[in-house]
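Everything on this sheet refers to the single structure shown next.
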Amino acid sequence: MEQRREPMDKNRIRGIRCRTSGQMTAKSISIKGTGCKSGGCALKAVELASGDLPFVLESGLRAKRFVLTGRQKSAEGVAGAKALKARTVRRKPVHGSGESAARLMGDKRQKNQLKLAFGEEDRGEAPKGLSEGTETLAAKRGTESPAIGEQLMEEVCERENCKQALKRVKANKGSAGVDGMTVHELPEHLKKHWPAIREQLLSGTYKPQPVKRVEIPKPDGGVRKLGIPTVLDRFIQQAVMQVLQRKWDPTFSEHSYGFRPGRSAHQAVEAAQKHIAAGYRWCVDLDLEKFFDRVSHDKLMAKIAEGVSDKRMLKLIRAFLRAGVMEGGLVSPVDEGTPQGGPLSPLLRNIVLDEFDRELERRGLRFVRYADDCNGYVRSGRAGERVMESLKRFITTKLKLKANGQKSAVARPWERKFLASASRPASSQSGG
C-alpha cells in the first residue's frame, strides 16, 4: 500500500501538499526562508495536483508570470513532468523508524518536485530582480579569478614587453646576484627555461631569490647599502615595472620628476629656479631618514592594491619585497623597506610618496620632488618653519616615515643643495 505522506514544514511551504498521481493542475504557493540562493528573495513555487501545468516565476523586485496552458505546454514543462514521473519511485516502508522516517521521505520527495518544477529557471537567465546581487558576487570573483578581472600578468609575459625588458637589463649591465649568473648568460637561460618561468608567473607561484648586499660610498661620507637581485629577477622586475608604469605614471603629480618617462633631474632644477624667480625665496628642505629601510610593506601593498586587482601581481610584488638579503653567506628576512638596486624600486618609491605630493598640492604649496629629494618654496622664513613642522607630523602619522632632523632645514635656496646643485639668486634680487 502507498505510504501516507505527511505535510512539509509550514515554515518553508504554505499551502496544499504536492501530489504527483492522477491528472496535474497547479496552484501557486509561496516559499519562505532560504530557498532562493541568489539574494534572499521569495519566489512562487508550483504545487502539482491535477490538470494543467502553470509555470510561475516571480522575483521580489520585478514580477513576471508565464502561464503555460494544456494546449500551450512548452518543451520545458513536458520535460519537467517526464522527469518528475521518472524520479517518483515507490519506496518500501522503513521499519523501526515509524512516523518520522515516513515524514522524512515525504519531505525529500516534495523537495525533489520543487527542484524539477524550477530546474529550467535555474539554468536559464537570472531574474532581473537579482541582478544587483549577481553583480556583487561577480565583482568579488573578479578580484579572485584572473580570467574575470585584470590580466596584468599576461601583459607582463607578452613577447614585446619581455623583449623590451631584456634589452633594458642588458643595457644596464650590472653585477651578478646570489646565483652568479651574469647579464650575458641571461638570454640563453631564458631560451631554455622561459616556458616554465612563464607558467610560474601566470599561476602566481614564482619565487624570487634573495638580493645580494653591496655597499657603495656616499659623496658626503658613509655608505649606501644596495640590494642586487639576480639577473633573472631583474628581468622580471623590469617587465613588471613597464606594465605598472604605464598604469600608474599618468596619475602621478606634475611636480614629481624622478624616474619617470620624459622627465629628468635637469627639468626638476629648472622648476625650482622658476619658483625662486617668482619670489618664493625660502626653501623647506625636508630629508627622509632611511627612506628605503623604513617603508611599510603593508602600507605600500595597500596603496598598490588601490589600482591593481590582479592578485598574482600583488603576490609577486610582495614576494620581491620579502625575498630577503644575503650578506656574508647568510640570508636575513626583510619585514620593511624596499631594497635599492632593482628596476622596480624607483616606481614603488613614487607610489609611496604620491600621497605626500597630493598633500602638498592640497595645501597649495610650491614644491619640486625628485625621488625622495623634495624641496618646498615659500615667501618667508616664518612660513617655512610652520610648513616644516606640519610636514614632519604628516610623514610621521600618515606615511609612517621619519624626517632627518640633521639634514632637514628651512633656509635660502642658494644655501641648500637640490640634486647636488645650489640655486643662486639673480644679482638684482640678492638682497630679497
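Let's see how each residue does on (1) open to solvent by less than 20 Å² (accessible area, probe 1.4 Å); (2) in contact with a Phe, Trp or Tyr (Cβ under 6 Å, 6 or more places away or on another chain); (3) in a loop (DSSP other than H, G, I, E, B); (4) closer than 29 Å to Asp179 by Cα:
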position: Asp293; (1), (2), (3), (4): no, no, no, yes
position: Leu353; (1), (2), (3), (4): yes, no, no, no
position: Leu360; (1), (2), (3), (4): yes, yes, no, no
position: Arg369; (1), (2), (3), (4): yes, no, no, no
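As a summary of the residue check, Ala272 satisfies the conditions (1) open to solvent by 20 Å² or more (accessible area, probe 1.4 Å); (2) over 30 Å from Lys167 (Cβ atoms) except for the one numbered (1).
Looking across the range 336-345, the residues that are at pLDDT 90 or above and under 20 Å from the mean Cα position of the chain (by Cα) come down to Leu344, Ser345. Apart from one condition, Gln406 fits all of (1) over 35 Å from the mean Cα position of the chain (by Cα); (2) crowded, with 21+ Cβ neighbours inside 10 Å; (3) of a type outside the set (Lys, Arg); the exception is (2).
Just need a number here: residues in the range 279-306 that are over 30 Å from Gly381 (Cβ atoms), hydrophobic (A, V, I, L, M, F, W, C) and either in contact (Cβ under 8 Å) with a residue 24 or more places away in the chain or in contact with a Leu (Cβ under 9 Å, 6 or more places away or on another chain) (or both). Of the residues in that region, 6 qualify. Flag: Ser309 matches the condition of being touching a residue at least 60 places away in the same chain (Cβ under 8 Å) and in contact with a helix residue (DSSP H, G or I) (Cβ under 6 Å, 6 or more places away or on another chain).
Rundown of residues vs (1) open to solvent by less than 10 Å² (accessible area, probe 1.4 Å); (2) in a helix (DSSP H, G or I), yes/no style:
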site	(1), (2)
Glu254	no, no
Pro261	no, no
His266	no, yes
Asp285	no, no
Met301	no, yes
Val334	no, no
Asn350	yes, yes
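Examine the range 241-252 for a residue that is open to solvent by 50 Å² or more (accessible area, probe 1.4 Å) and outside any helix (DSSP H, G or I), and state whether such a residue exists. Checked the range 241-252: no residue is open to solvent by 50 Å² or more (accessible area, probe 1.4 Å) and outside any helix (DSSP H, G or I).
Taking (1) in contact with a Lys or Arg (Cβ under 9 Å, 6 or more places away or on another chain); (2) closer than 15 Å to Pro229 by Cα; (3) modelled with pLDDT under 95 in turn, Ile148 satisfies each apart from (2). Residue pairs whose Cβ atoms lie under 6 Å apart, separated by 6 or more positions or on different chains, with the first residue in the range 360-379 and touching a residue at least 24 places away in the same chain (Cβ under 8 Å) and the second open to solvent by 10 Å² or more (accessible area, probe 1.4 Å) and small (Gly, Ala, Ser), are Val368/Ala271; Tyr370/Ala265. Of the residues making up the range 315-329, those that are in a helix (DSSP H, G or I) and either touching a strand residue (DSSP E or B) at 6+ places or on another chain (Cβ under 6 Å) or farther than 15 Å from Gly204 by Cβ (or both) number 1. Scanning the range 371-401 for residues that are touching a strand residue (DSSP E or B) at 6+ places or on another chain (Cβ under 7 Å) and part of a loop (DSSP other than H, G, I, E, B) gives Asp372, Arg379, Ser380, Lys400, Leu401. Across the range 304-319, the number of residues qualifying as open to solvent by 20 Å² or more (accessible area, probe 1.4 Å), closer than 26 Å to Pro261 by Cβ and touching a Gly at 6+ places or on another chain (Cβ under 8 Å) comes to 2. Is it the case that the range 214-235 has a residue that's of a type in the set (Ser, Thr, Tyr) and open to solvent by 30 Å² or more (accessible area, probe 1.4 Å)? Among the residues of the range 214-235, not one is of a type in the set (Ser, Thr, Tyr) and open to solvent by 30 Å² or more (accessible area, probe 1.4 Å), which makes the answer no. Close contacts from the range 320-344, counting a first residue that is of a type in the set (A, V, I, L, M) and a second that is surrounded by fewer than 19 Cβ atoms within 10 Å (Cβ to Cβ) and in a helix (DSSP H, G or I), with Cβ to Cβ under 6 Å and a gap of 6+ residues or different chains, come to Leu321/His297. Return the residues of the range 195-216 that are free of Cβ contacts under 8 Å to residues at least 12 places away in the same chain and farther than 17 Å from Phe320 by Cβ; say none if nothing qualifies. Scanning the range 195-216 gives Pro195, Ala196, Glu199, Glu215, Ile216.
Look at the range 159-179: where a residue is in a helix (DSSP H, G or I) and a partner is acidic (Asp, Glu), sitting 6+ places away or on another chain with Cβ atoms under 9 Å, you get Asn161/Glu155.
The values are calculated or read from the model by the stated rules, or taken from the named source; none is laboratory data. Keep in mind the model is a prediction, meaning the values are calculated, not measured. Note: ideal-geometry Cβ built from the backbone for every residue, glycine included; neighbour counts use all protein chains shown. Side chains included, ligands, DNA and RNA excluded: accessible areas come from the protein's heavy atoms. Shrake-Rupley method; radii C 1.70, N 1.55, O 1.52, S 1.80 Å.
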